[in-house]
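Take a look at the structure below.
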């Protein structure tokens, strides 16, 4: 019945800055980007990394929009890396600080970085 996670939605404060981060730092590709006239939504972009999809939704958050439905954020996104040390070195070269870790968790390593809005992105080497 249920097959897989189709996509993850993120509401960034600046969709252009967030798209640039995911494309230029994490290697995502832009699948589709288009304006949408369905207030408070203004624009949608779909980014892909392998078969993983992130949907970025640009919204006009005002007092008229229900805050419980249209808030910036999400809890965390986890990206698998082949080599944690190489990933940490690469991110450092891009000016992206490691905000937590890396730590060994038995058979895996885990670290965290943040996107332009400060939302956590877990890095996991299995």
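Every number here is computed from the coordinates shown, using simple stated rules; none is lab data. The model shown is predicted, which means the values in this text are computed figures rather than measured ones. Neighbour counts are summed over all protein chains in view; Cβ atoms, including those assigned to glycine, are modelled from backbone coordinates with ideal geometry.
What to note about this one:
- Sorted largest first, extent of region 75-126 alpha carbons per principal axis (Å): 30, 26, 15
- Each eigenvalue of the Cα gyration tensor of the chain, multiplied by 5 and square-rooted, gives one semi-axis; in descending order these are 28, 16, 15 Å.
- Computed over the chain: relative contact order in percent, which uses C-alpha pairs under 8 Å that are six or more apart: 22
- Relative exposure of 22, 90, 46, judged by other C-beta atoms within 10 Å (fewest first): 90, 46, 22
- Under the simplified labelling scheme, the residue 17-residue 41 pair shows an inter-label distance of 2.4 nm, with each label point 7 Å from Cα along Cα→Cβ.
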